[in-house]
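Inspection log for the structure reproduced underneath, given as structure tokens.
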Amino acid sequence: MSFIKNVLEPPSYGWKDEFGQLTKPQTGQISKEFFSRLNVFKNKKNWLSFTSWSLVMILAVFLFLFIFKYFSIPGLICAFVYSMIVMGSHGTIWHHRYCTHRAYKFKNNFWRFFTQNLTLKIIPEEIYAISHHVHHALSDQPGDPYNAQGGFLYCFLADVNHQPIARNMSEKDYNHCVKLMDHVGIHANTYTQYKKWGTIANPARTILGIILNWGFWFAVFYLIGGPALVCALFGAAGFWAVGVRTFNYEGHGKGKDKRREGVDYNRDDMSINQIWPGYVAGEWHNNHHLFPKSARSGFKPYQVDTAWYYIKFMSMVGAVSSYNDSKKQFYLEYVKEPAIIEKEIAFKLDQPVME
């Protein structure tokens, strides 16, 4: 827990006040922190956050070109599907269930690379995965990098203000941090390079990977539908990149207890299941907090889980070698009547049941 509490770079306003309560900074404080941490001229260790938001700004140009020059109803439909379903599901498949929780394993590195690059590369794995470990360990507590009780802007700008890794880790802690990412395929900086750049990811390799990824998809979209499709889908990716930053504020009830009986079974934090993120991205958040290492979080019949469908399909064709599925455990522990649970446990243990 000591490592988890110190693995992220704390904001200038801190995680908690002198009474141990969550620090709730004002809008001006959050904005000042945001622009300070994007300033690569002030500190080159800001390069990863700067790169991430630069990509969003570039994609915004494509979105404006689509709206004002290439707009069409078919293009809008394509943009909607790509942004909401394709990008949303991929975020759950790759960043969430694989990079952070290792909910499944690939047969080999080819299928990992294939899945990693199924969509435009926008969010750095390092920023997402390390901070998400902290989110689960300290959910809705001071230190949670996107604690919804801090307000909308606290969550929306968390990828810059709260999610980057600490810049003064010992070599032991840095190696521990690298180990959390060793399955992702990132060529990690040495400790000396980390002290220079402040990240696990290497700037040259990261930027080259983005250029190759974007170049490939630009060519594919252009060959299929010309500049109109390129602008529609690149713009849609930018729309998703902004929208996804609002998720944890909504997914934790906007800082209030919005959990419902018979829907949200996890009572250890304020996470809730939502229909829209569930249907378009397979993100049933309360279920996920119950079983974070499960490759499936859509447990009930109505809970569509597009991310799980991809993982299951990849397993069927041999690209995924193993996965964790907690659906049966969910029903056993949270849905069935206590008497039924007792009987099933007793049956498994081959013990008599007291009627």
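Read-outs throughout are calculated quantities, based only on the coordinates presented, and are distinct from any laboratory measurement. No experiment lies behind these values; they were computed from the predicted model shown. Here Cβ is always computed from backbone atoms with ideal geometry, including for glycine, and neighbour counts include all displayed protein chains.
Taking other C-beta atoms within 10 Å as the exposure proxy, Phe152, Phe19 rank Phe19, Phe152 from fewest upward. Shown in residue order for the stretch 236-248 are the 3J(HN,Hα) couplings computed by the Karplus curve 6.51 cos²θ - 1.76 cosθ + 1.60 at θ = phi - 60°: 5, 5, x, 4, 5, 4, 7, x, 5, 6, 8, 4, 5 Hz (x for Gly and Pro).
Only Cα pairs under 8 Å and 6+ residues apart enter the sum, and on that basis the relative contact order of the chain stands at 24 percent. So what's the net charge close to Phe50: Lys and Arg +1, Asp and Glu -1, counting the other residues with Cβ under 11 Å from its Cβ? For residues surrounding Phe50, the net value is +4. Straight-line cross-link partners of Lys336 among the aspartates and glutamates, defined as a Cα under 16 Å from its Cα and at least 8 positions apart when in the same chain: Glu261, Asp264, Glu344. With a threshold of 23 Å on the Cα-Cα distance, the over-threshold entries among Lys44/Lys254; Lys45/Lys121; Lys256/Lys328 are Lys44/Lys254; Lys256/Lys328.
P(r) tail for the stretch 220-286: Cα pairs beyond 17 Å make up 54% of the total.
For the chain, modelled as a GNM whose springs connect Cα atoms under 10 angstrom apart, the maximal fluctuation among Ile30, Ile123, Ile58 occurs at Ile58. Close amide H contacts of Phe106 (hydrogens built in the peptide plane, cut-off under 5 Å, sequence separation of 5 or more or a different chain): Ser321.
In what sequence, highest mean first, do 234-244, 213-223 appear when ranked by Cβ atoms within 10 angstrom?
234-244, 213-223
Can you tell me what the convex hull of the Cα atoms of the chain projects to on average, as an area in nm²? Over all viewing directions, the chain projects a mean Cα-hull area of 21.2 nm².
Ranked from largest, the principal axis spans of the Cα set of the stretch 155-228 equal 50, 29, 22 Å.
For the stretch 1-53, the normalised intensity computed at q = 0.27, 0.30 Å⁻¹ comes to -1.08, -1.13 (log10 of I(q)/I(0), Debye sum over alpha carbons, equal scatterers, no solvent).
In terms of other Cβ atoms within 10 Å, Arg267, Arg97 run from fewest to most in the order Arg267, Arg97.
Each Lys or Arg adds one and each Asp or Glu subtracts one; over the other residues with Cβ under 10 Å from the Cβ of Lys195, this totals +2. By the helix-only formula, in which each DSSP H run with n ≥ 4 contributes -39500 (n - 2.57) and the sum is divided by residues, the chain has a 222 nm mean residue ellipticity of -15000 deg cm²/dmol.
Other residues with beta-carbon under 13 Å from the beta-carbon of Gly278 carry, at +1 per Lys or Arg and -1 per Asp or Glu, a net charge of -2.
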